[in-house]
Each structure stands twice: as structure tokens, then as C-alpha cells.
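Heads up: the structure comes next, in C-alpha cells.
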Amino acid sequence: MNKKDLYRWCCVPAEGLAAHSERRLPFLMTKDSAEMGEVMAMELVQSIEEANAQKRAFRVIVPCGPKCWYAPFVRLVNARDVSMQNVTVFHMDECLDWEGKPLAKNDPYNFRTFMEVHFYSGIRPELAVPEANRFFPTPDTRALIAEEIAKAPIDLTLGGWGQDGHIAYNQSRREPFSPVTLEELRNCSIRVQNNNIDTIITLAQRSYGAAYQFVPPMSITLGLKECLSAKKVRLYSDTGTWKQTALRVALFSEPTPEYPITLLQEHPDAMVIATYETACHPMSEHPEWEFNGITEA
């Protein structure tokens, strides 16, 4: 990543991102988390309604987060009588302990528990996704999920992105003895992996008062091959400072394995959506800042 380019991208005001002449990816900015949650929920609800009207199955990849869309989604499905009987849901990822085993049921980073409570349980039973159509990734179900995804096209991938632009848990690989090329990143598939140190520190600060000892050190994730195979991809973030730089890189950088989200630019129907707080950047608000080798004349 060229730091001069990065500095220039980070200096663009939030209000100037959508119309910027160098933007490489469609972008929508929402006012706040509540508005973004409604947009995200409506994207999925309308997509399911369209499939139902056409009497066809609907296949979707969903994340555990952002969290702002679950309540609006449950409300809309119940109020509009949206049947999800023909919906198949592939969950993006799951956290694992240091031995690659599932977490305790009520661990805050147990994604399955969270989704069962917030995504599934509030839906009226007659409208709900059949349990046989819910695919949660675990080391034991990895081959099954890969097989099921390969059976038919994915209609929609919903997701977020991480501090290094990871989609699902497709982190920027920083292992010095096994670097990953852009082509390898494009074609990566469902797998178990160690979480990057910066991911662990970020989650510790965000959730546990910096108690990194409690952050899951491993994960299983759908690969970018699966996530970007969908006909439509929509990534959302309302996490503010954690995502601000990755957003700028997604919008302006050429594809790079340093930020996996940049591969979204190669998709025919992809968009990133962020709250105003996430679209802001401290460098755009402090033109007086100076950095050696970057800002001097």
C-alpha cells in the first residue's frame, strides 16, 4: 500500500466519497446505524419477496453483524408475511477456540447462538427458514457446506468488513513464509484458520475492555470464492473508527491482497454501505497534520 495514496484517500471528506471521480466501487452513505439497519433489512426482505413472486428458491449468505439489521428484518418479515420456506441460508463464519473447536454456547462470540436468538427466533414459525435449510459452518460441516453452495448459484451475499478489509473472516494474510497472491485470494474456499493478531486486538478492544485473552484465536470462514459468487453483494458497516481506512481503500485502491475487500471491485453488482461516522476519517478533519515523507512539499 502506497502511503501517499492512502493519505490522499483518507483526506477525502465523507460527503465527497460518493461522487469522487476516482471511486472504483458503488457507495451509499446512511445517516446512522438505525437507518443502515433498515436499508440492510429491506435489501434482504425485498429480494426474498421477489423470489417468492417468481416461485423460485432463494439462496443467501448472511453475516453475524452488523447487528443493527436484525430487529428491522424480523419486524418486516412478520408484518409483510414474507415466507422464508424456500430460503436457504449459509452463515458466513464462526469463531473457534485454540484447538479449532466450537465455542461455549453462550460465549459472546458464538455466532450460531447469536443468530438463532436474533435472526431466527423472532420470525413466526409458519414463515421461518426450515431448519434443514440453515447451514452453520463448523470444521465438521465444511465439506457439506462447500457441496451445498456448489449445487446452485447464490442470489445475495450480505456482509460487513473488518479493519483490514476482510469479508467474512478472509483476513489479509500476514504469514511471512506463506504469502497469498491476489489470484489465490480470489479462489480461496471455506477453511479453518488462525485469526490475525490485529483482528484479536481489535475485537478485544471493541468487546472485552482489551482483554485479548478471551477473544477466539481461530475461525472457520466461507472463502471469497463463495462470498463473491453471489449474483449480488452488499457490504455494510456502522462500526465507525474500526472500519474507516478499509472503506477508503475499498473505494479507491486497486485490488490488493493487503485488503481483501478490494476484490469487490471485480464483481458486476456490488456495493458498500456505511454510516456517516464510518465514512468520516480523522485525516480528512485535520489538514494541519504532517507526516514525514508524506505531506511535506
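Tell me, in nm to one decimal, what length is gained between A57 and S83 on full extension, where the rule is 0.36 nm per residue of separation less the Cα-Cα distance?
Gain in length upon complete extension: 8.2 nm.
Given +1 on the Cβ of Lys and Arg, -1 on the Cβ of Asp and Glu, and no further charges, what dipole in debye does region 35-276 carry about its Cα centre, rounded to the nearest 20?
Working: 24 positive and 29 negative charges, 51 e Å.
Approximately 240 debye in magnitude.
Any chance you could run the full-extension gain for E290 through V39? It's 0.36 nm times the residue separation minus the Cα-Cα distance, nm to one decimal. Don't skip to the answer; put the middle values down first.
Values: separation 251, 0.36 × 251 = 90.36 nm, distance 3.79 nm.
My answer for the length gained is 86.6 nm.
Anything over 19 Å Cα to Cα? Flag those among K105/K225; K67/K151; K3/K243; K151/K225, in the order listed.
Listed pairs above 19 Å: K105/K225; K67/K151.
If you take every DSSP beta bridge whose two residues both sit in the chain, what share of them, in percent to the nearest 5, is antiparallel?
Percentage antiparallel, nearest 5: 35.
Within region 211-254, which residues have the backbone N less than 16 Å from the label spot 7 Å out from L182 along Cα→beta-carbon, could you tell me?
Output list for this probe position: 249-254.
Given the C-alpha atoms of region 97-231, compute the convex hull and give its volume per residue in Å³.
136 Å³
Reported to two decimal places, what Rg/Rh ratio describes the chain when computed on Cα atoms with Rh from the Kirkwood expression?
My calculation puts Rg/Rh at 0.96.
Over the Cα atoms of region 8-123, each weighted equally, I'd like the Debye log10 I(q)/I(0) at q = 0.09, 0.16, 0.19 Å⁻¹, rounded to two decimals.
Log10 I(q)/I(0), no solvent term: -0.36, -0.91, -1.05.
Every number here is computed from the coordinates shown, using simple stated rules; none is lab data. Quantities reported herein were computed from a predicted structural model and do not represent experimental measurements. In this analysis, Cβ positions are derived from the backbone assuming ideal geometry, glycine residues included, and neighbour counts consider all displayed protein chains.
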